[in-house]
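A short write-up of the structure that comes next.
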């Protein structure tokens, strides 16, 4: 049934209109009568009828003025003007306010019924359009995004700017969870915003902000995240594309938001990222993974937990700034852990049983959903290993110290510094080392350095002074005296003798090869 309101100051006209049309038979119902212009206006606003039959000339004001004021109040129903005057000015005003029907008195029943039925069809079509408007909007928007189609109805997109956000789950297995945070839920959360469009798009929930400043977008999304969290869901990850100036460019904003989804592993704990978030705070850190593994090993070995954490922070910065993929990061993390484990087993005669096996390490790291959780896992495991090494027996402590000396011989090593690193009294450490290796700290350090120097002199094309620096001696004469003490000859003679030997070996090898 379509509700009809009759507004006329003449009672006989109102009665006649009630009587001449078989209202209910044709799907109409007279919902009320307005006895003059003011009464008619109030009833239009309060009853909100589908159709209003209204006289033009009534006490107080014209019917066209009532139509004008009703439109200002947001009334969207249909008007039929009923008048005893064939006045062009009235008709012109009526057209201005969207009135399509103007009937002269006396009223012809068939003419009025025909107009009523035409308006009823218009109302049906408009209602159908209104019911489907969200879907039609979404279809139009997707045509722009995916097809670049600009042949759209822009009546619903009359804003100065647009910005796209994509909502995805912050867990790997999101297929079941995403249904808990459906488009319907998001629409409910955002129901008070007329300038936001929500849609399902390529497995995400898309949110299009129309005419929002970026600060307002950020605040709205922050409130949305809080609402989702309060409802007990596991949480979401939101990416926001750049702001564009017209509806026909929203594909750019969408594609940028989608590209940012690929960085979810790097930024998951942020909950929401914009393109500028991935470009700020560049430190341009240079990091060689092999050397970094050796650093981490040293920090674990000496239980330097602060530097261990700093090393892992550097690792994090390095992979974030280079935008490494989740797979690349996990492969490197596995390499760090397994390499560290292998070194510890070799240097301290430990068994595989003291650690997770390689398959378990791989599974543990691959189960991490973000870079932060991966880093935290490694730090936790490395700290536990460091603490276990630190409480080992004196024999193992000596082994750790000697290993440290063999890796850091080129540094300015002092017994006091070593004692501090390993948490010993320097005098006690000196006795502990002498009892274990049969010589004092400085003598053993010299032996390590000289052995390294011999290898460098033979295998590397380095000058003697260069070898001196590489093994940790600052004074070339001091290096000469130490080398001669432990080897029995000078560094230069040692290098020449070994070069002769190497030349003879090459000659013999060539002769053998020719005879073959």
**OP:** Within the stretch 392-407, track down each residue that is buried (at least 17 other Cβ atoms within 10 Å of the Cβ) and either modelled with pLDDT of 75 or more or over 18 Å from residue 343 (Cβ atoms) (or both).
**Re:** 398, 399, 400, 401, 403, 404, 405
Subject >> Sole residue being at pLDDT below 90 and closer than 26 Å to residue 446 by Cβ, chosen from 317, 346, 387 >> reply: 346
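Can you tell me which residues in the stretch 101-117 are in contact with a strand residue (DSSP E or B) (Cβ under 8 Å, 6 or more places away or on another chain) and exposed (fewer than 13 other Cβ atoms within 10 Å of the Cβ)? Outline the logic, then answer.
Residues of the stretch 101-117 in contact with a strand residue (DSSP E or B) (Cβ under 8 Å, 6 or more places away or on another chain): 101-105, 107, 111-112, 115-116.
Scanning the stretch 101-117 gives a single hit, 111.
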Original post:
Just one of the numbered conditions (1) modelled with pLDDT of 90 or more; (2) farther than 19 Å from residue 202 by Cβ is not true of residue 301; which one?
Top reply: (1)
Subject >> Considering residues of the stretch 46-60 that are closer than 20 Å to residue 116 by Cα and in a loop (DSSP other than H, G, I, E, B) only, the residue farthest from the chain's Cα centre (by Cα) >> reply: 56
Subject >> Residue check for residue 63: over 56 Å from the mean Cα position of the chain (by Cα) and within 20 Å of residue 120 (Cα to Cα) >> reply: no
Original post:
Cβ-Cβ below 6 Å, separation at least six or inter-chain, first residue in the stretch 189-208 and assigned by TED's automatic domain parsing to the domain that holds residue 261, second part of a loop (DSSP other than H, G, I, E, B) and modelled with pLDDT of 85 or more: which pairs?
Top reply: 195/211; 196/190
Subject >> residue 331 vs. criteria surrounded by 18 or more Cβ atoms within 10 Å (Cβ to Cβ) and within 18 Å of residue 315 (Cβ to Cβ) >> reply: no
**OP:** Taking the residues in the stretch 455-473 that are free of Cβ contacts under 8 Å to residues at least 40 places away in the same chain and in a loop (DSSP other than H, G, I, E, B) as candidates, determine which candidate is nearest to residue 407 (Cα to Cα).
**Re:** 473
Original post:
Considering 79, 75, which residue is outside any strand (DSSP E or B), modelled with pLDDT of 80 or more and either in contact with a helix residue (DSSP H, G or I) (Cβ under 6 Å, 6 or more places away or on another chain) or surrounded by 12 or more Cβ atoms within 10 Å (Cβ to Cβ) (or both)?
Top reply: 75
**OP:** Identify all residues within the stretch 1-16 that are assigned to a loop (DSSP other than H, G, I, E, B) and without any contact (Cβ under 8 Å) to a residue 60 or more places away in the chain; write none if there are none.
**Re:** 1, 9, 10
Original post:
Of the residues that sit in the stretch 414-443 and are touching a residue at least 24 places away in the same chain (Cβ under 8 Å) and surrounded by fewer than 14 Cβ atoms within 10 Å (Cβ to Cβ), which one is nearest to the chain's Cα centre (by Cα)?
Top reply: 423
**OP:** Could you check how many residues of the stretch 349-376 are buried (at least 16 other Cβ atoms within 10 Å of the Cβ) and within 17 Å of residue 299 (Cβ to Cβ)?
**Re:** 1
Original post:
Going by the conditions given, is residue 446 over 30 Å from residue 305 (Cβ atoms) and either buried (at least 16 other Cβ atoms within 10 Å of the Cβ) or touching a strand residue (DSSP E or B) at 6+ places or on another chain (Cβ under 6 Å) (or both)?
Top reply: yes
Subject >> Hits in the stretch 291-304 (condition: crowded, with 16+ Cβ neighbours inside 10 Å and part of a helix (DSSP H, G or I)) >> reply: 292, 293, 295, 296, 297, 298, 299, 300, 301
**OP:** Might you let me know whether the stretch 28-45 holds any residue that is assigned to a loop (DSSP other than H, G, I, E, B), surrounded by 15 or more Cβ atoms within 10 Å (Cβ to Cβ) and at pLDDT 90 or above?
**Re:** yes
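The values are calculated or read from the model by the stated rules, or taken from the named source; none is laboratory data. Computed from a prediction, not measured in an experiment: that's the story for all the values here. Here the Cβ is made from the backbone with ideal geometry for all residues, glycine too, and neighbour counts use every protein chain on show.
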